[in-house]
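Here is the structure we will look at, set down as structure tokens.
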Amino acid sequence: MPSAASESPSLHDLTRRRFLGSVTSGLFGVGLAGLMQRERAALALQPAHFQPRAKRVLQIFCPGAASHMDLWEHKPVLEEWDGRMLPGEEDHVSFQGKNGALMKSPWPFVPCGQRGKMLSSMLPHMAGHVDDIAFLHGMTTKTNTHGPGCVFMNSGHLTEGFPAAGAWISHALGSESDNLPAYVAIPDIRGEPPNGKANWSNGFLPARHQAIVMADHQPVRNLAPAGGDGVAIDERLERDTRELINGFNRDHARQRPGETELQARIHAYQLAARMQLSAPEVTDVAGEPEHIHRLYGADSGNDLKAAYARNCILARRLLERGVRYVNLYCASRASGVDGLLNWDAHRTLKADYERHCPVFDQPTAALISDLKQRGLLEDTLVLWTTEFGRMPMHQHGTSGRDHNPDGFTVWMMGAGVRGGIDVGATDDFGRRAERRPTTVWEFYGTVLHLLGLDYRRLSFYHNGADQRLTDVHGGIIREVLG
């Protein structure tokens, strides 16, 4: 068969559809179309507004509303008042109904680190990192519903259709890697979080900024080149095919400059081509040394823990190879049984968290230790988030806790963060943020600041307004800045 180059077809005589219908290398040729000439403007590193402290972000998300007073924020008064009604809220009705009496944590808190930070005894591995963490104990949110809560914590907006923080960072700073995406989401083996892909959406930003989903349990498909049964594709034909299709792509895109979905599709094929070379290596978690698998708990007999541990290893491999923003999920959506698949402990908090904490604790602590010993924590910002907190009372007729948007804990550590501090606090019972309340918008204003970005200047014109990650709000939590 003559090569595509020898036929020298005209771009005007040969349509894209007709060519793709007959090209022998099919989608592999499409995928490699931009390998030689990619869109530099889409991928080039962009300048920050000022000198950054962080180059990349790891955001660990525990969906289901992980309880602050059972994990991170010790409440001795809650222990003293266990079994008594919360003054002034004896008849309080929250998300799932009436609340009962105050309920102390089922597990003791123990002093950790040099400063004796009180942490749940259910987190013995994370206890080793408290001197590096800035805890934000006065976080608040605008909803007590899981789906909007997850989307709000990821995007700064309650409704779907807005870009996630990782998409904003991809848009602002571009990619550090030629062969890997700028933004990756790693869902839990148990499934996607509430509201699914809206948590890592590009929203109204160009579609190339949406996250690429990767996970150890969810291999990247179609990595092998076309040509089965041992039949190899001629190298010259493959090269000429790439060059010709790239011409079609450029011509097609020039005629439709406003179609970001088209640009994103072209970019996706180009990235897919490069990932055919890079993805098999970066996703080779099984090839890690045995001591790494032991460190993370990937050799655990607990299948959920082992799966999450392998995703933690994947997260580290992505970060050290230049991925700008990694969303790592521990747990998933709600289910017919509250607290089975995520941290939504409405009815049986003790049993639920004795299932979830061992899955989370060792792998997460190992990931932080691994980043630190490799020198990556110096310029990697690590965030831990959940969508809201839990009530200090038990739900009426249960031994679990209802939703609480009025006060909960998130934390950050790593590049530019002053570790070993508590910023803000809920009241003595853990009911409401009382000292130094913070907002999701301030949280992301601080994240952007550490990345060298001014939250007031990072905007995108959409629907007649300059839209921002921090909406019309913002601010910087300066107490955490090292």
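The values are calculated or read from the model by the stated rules, or taken from the named source; none is laboratory data. Every value quoted in this text rests on a predicted model; they were computed, and no experiment measured them. Positions of Cβ are generated from backbone atoms using ideal geometry, with glycine treated the same way; all protein chains shown enter the neighbour counts.
Of everything in the range 448-471 that is in contact with a strand residue (DSSP E or B) (Cβ under 9 Å, 6 or more places away or on another chain) and assigned to a loop (DSSP other than H, G, I, E, B), the residue that is surrounded by the fewest Cβ atoms within 10 Å (Cβ to Cβ) is Ser459.
Which residues, counting only those in the range 172-183, are in a loop (DSSP other than H, G, I, E, B) and either acidic (Asp, Glu) or surrounded by 21 or more Cβ atoms within 10 Å (Cβ to Cβ) (or both)?
First, the residues of the range 172-183 that are in a loop (DSSP other than H, G, I, E, B): 174-182.
Once the filter is applied, which keeps residues that are in a loop (DSSP other than H, G, I, E, B) and either acidic (Asp, Glu) or surrounded by 21 or more Cβ atoms within 10 Å (Cβ to Cβ) (or both), the range 172-183 yields Ser175, Glu176, Asp178, Leu180, Pro181, Ala182.
In the range 207-224, the residue that is farthest from the chain's Cα centre (by Cα) out of those that are in contact (Cβ under 8 Å) with a residue 60 or more places away in the chain and crowded, with 20+ Cβ neighbours inside 10 Å is Arg208.
Every residue in the range 430-439 that is in contact with a helix residue (DSSP H, G or I) (Cβ under 8 Å, 6 or more places away or on another chain) and crowded, with 20+ Cβ neighbours inside 10 Å, please.
First, the residues of the range 430-439 that are in contact with a helix residue (DSSP H, G or I) (Cβ under 8 Å, 6 or more places away or on another chain): 430, 436.
The one that is in contact with a helix residue (DSSP H, G or I) (Cβ under 8 Å, 6 or more places away or on another chain) and crowded, with 20+ Cβ neighbours inside 10 Å: Gly430.
Does the range 414-448 hold any residues that are of a type outside the set (Val, Ile, Thr) and touching a Lys or Arg at 6+ places or on another chain (Cβ under 7 Å), and which are they? Across the range 414-448, the qualifying residues are Ala415, Gly416, Gly420, Gly424, Ala425, Asp428, Phe429, Gly430. So which pairs qualify, if the first residue must be in the range 153-175 and among the aromatic types (Phe, Trp, Tyr), the second must be surrounded by fewer than 24 Cβ atoms within 10 Å (Cβ to Cβ) and not in a helix (DSSP H, G or I), the Cβ gap must be under 6 Å, and the two must be at least 6 apart or on different chains? What qualifies is Phe162/Gly203.
If we only count strands (runs of 3 or more DSSP E) wholly inside the range 63-156, which ones have 3 or more residues that are surrounded by fewer than 22 Cβ atoms within 10 Å (Cβ to Cβ)? Let's see the steps before the verdict.
On the way: elements: 97-102, 109-112, 117-120, 133-139.
Correct list: 97-102, 109-112.
Every residue, every condition in (1) closer than 25 Å to Leu173 by Cα; (2) modelled with pLDDT of 80 or more; (3) not assigned by TED's automatic domain parsing to the domain that holds Met214, yes or no:
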site: Arg242; (1), (2), (3): no, no, yes
site: Asp251; (1), (2), (3): no, yes, yes
site: Leu262; (1), (2), (3): yes, no, yes
site: Ala272; (1), (2), (3): yes, no, yes
site: Leu295; (1), (2), (3): no, yes, no
site: Asn302; (1), (2), (3): no, yes, no
site: Lys305; (1), (2), (3): no, yes, no
site: Glu320; (1), (2), (3): yes, yes, no
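Working carefully through the options Ile169, Ile186, find the one that is crowded, with 19+ Cβ neighbours inside 10 Å and either closer than 26 Å to Arg418 by Cα or not assigned by TED's automatic domain parsing to the domain that holds Ala66 (or both). Explain how you work it out, then say what you get.
Values: Ile186 fails: either closer than 26 Å to Arg418 by Cα or not assigned by TED's automatic domain parsing to the domain that holds Ala66 (or both).
None of the other options fit; the residue is Ile169.
Can you tell me which residue is surrounded by the fewest Cβ atoms within 10 Å (Cβ to Cβ) among those in the range 334-367 that are assigned to a loop (DSSP other than H, G, I, E, B) and free of Cβ contacts under 8 Å to residues at least 40 places away in the same chain? If you could, list the steps in order and put the result at the bottom.
Going through the range 334-367, the residues assigned to a loop (DSSP other than H, G, I, E, B) turn out to be 334-347.
From what is left, the residues that are free of Cβ contacts under 8 Å to residues at least 40 places away in the same chain are 335-337, 340.
Working: Ser335: 14, Gly336: 6, Val337: 12, Leu340: 18.
In this case the residue turns out to be Gly336.
Taking (1) within 24 Å of His449 (Cβ to Cβ); (2) in a helix (DSSP H, G or I); (3) in contact with a helix residue (DSSP H, G or I) (Cβ under 6 Å, 6 or more places away or on another chain) in turn, Glu387 satisfies each apart from (2). Counting only strands (runs of 3 or more DSSP E) that fall entirely inside the range 401-447 and contain at least 1 residues that are farther than 21 Å from Ser67 by Cα and not β-branched (Val, Ile, Thr), the qualifying elements are 408-414.
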